Amino acid sequence: MLTEFEEDAIKEMFNLSLGNALPTLSEMVDAEIEFSTPCLETTPAKQLTQTITSMVGESACLLHMVFRLMMTNKADLPGNAVLLLRADSLGPFLDALYGEPVPQALQDQVCAEALTDVADLLLYTCISTLSRLLDSELEGNKPLFFRGKPTLWNLSCPLEPNSDVPNEPNENNADAHSITLRIDLSIPIKHVSGSVMIWLDASHDTDLKQAVQHYITTQLC
């Protein structure tokens, strides 16, 4: 298990990583982006979808990136990154991206491509910075777009890199846990709210602990 100091260190890394990505998004929407302090908790992997539903209800826009951090000791740390928007934020967010109101009839046509491009930039920049801070190499997929009920997207079974569909449930990992990192975002002037969340496989806790310790000794001490 991570110590409190190690948890604070990884929250700081997440804050730095997302902070490195947000200025570009701020330029894209021509507005200031506010964000919360990072939070960290250990979550049963099978409850990740329920976690999202409790945040945004039965309708959401979700962009999901699967990644793997290749540690210097040859260990792999799998994870998932998500950009989550409340359903009522989708229209205002598209309006902000395009600089003008996007008619409802066109939203379905443009939202998948536009938001995938945004998530590709935002999530990849965030995770690549996190990877660098953890002294690892990054392997990741292009984000997948989903709109609708979070319960229909199986986040409890992480994707493998280079795969487009979730893995089948596995009884062997039914008790698996994930380290959940979360920062809430808002663009007040555009009436947009959402979150960026990262799940790291807690079964690889030793590898993560070693990487966090490396960050502490090289960057904080």
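Taking segment 125-221 as the region of interest, none of the strands (runs of 3 or more DSSP E) fully inside it holds 1 or more residues being farther than 23 Å from LYS11 by Cβ, at pLDDT below 90 and hydroxyl-bearing (Ser, Thr, Tyr).
For segment 29-87, the set of residues classified as farther than 18 Å from SER203 by Cβ, among the charged types (D, E, K, R) and at pLDDT 90 or above consists of ASP30, GLU32, GLU34, listed by residue number.
Under the condition of being touching a Lys or Arg at 6+ places or on another chain (Cβ under 9 Å), of a type outside the set (A, V, I, L, M), part of a strand (DSSP E or B) and surrounded by 13 or more Cβ atoms within 10 Å (Cβ to Cβ), the residues counted in segment 24-45 number 1.
Go through segment 50-64 and give me each residue that's crowded, with 18+ Cβ neighbours inside 10 Å and either hydroxyl-bearing (Ser, Thr, Tyr) or in a helix (DSSP H, G or I) (or both).
THR51, ILE52, VAL56
Looking across segment 23-49, the residues that are touching a residue at least 60 places away in the same chain (Cβ under 8 Å) and out of contact with any strand residue (DSSP E or B) (no Cβ under 7 Å at 6 or more places or on another chain) come down to THR24, LEU25, MET28, ASP30, GLU32, THR37, LYS46, GLN47, THR49. In segment 27-53, the residue that is farthest from ALA9 (Cα to Cα) out of those that are under 14 Å from the mean Cα position of the chain (by Cα) and of a type in the set (S, T, N, Q) is THR49. A residue that is under 17 Å from the mean Cα position of the chain (by Cα), assigned to a strand (DSSP E or B) and among the aromatic types (Phe, Trp, Tyr) can be found somewhere in segment 65-74. The requirement of being surrounded by fewer than 17 Cβ atoms within 10 Å (Cβ to Cβ) and either touching a helix residue (DSSP H, G or I) at 6+ places or on another chain (Cβ under 7 Å) or at positive phi (or both) is fulfilled somewhere in segment 125-135, by at least one residue. Inside segment 108-119, residues that are surrounded by fewer than 17 Cβ atoms within 10 Å (Cβ to Cβ) and of a type outside the set (Val, Ile, Thr) make up a count of 5.
The values are calculated or read from the model by the stated rules, or taken from the named source; none is laboratory data. Note that this is a predicted model, so its numbers are computed, not measured. Note that we place each Cβ from the backbone using ideal geometry, even for glycine, and neighbour counts take in every protein chain shown.
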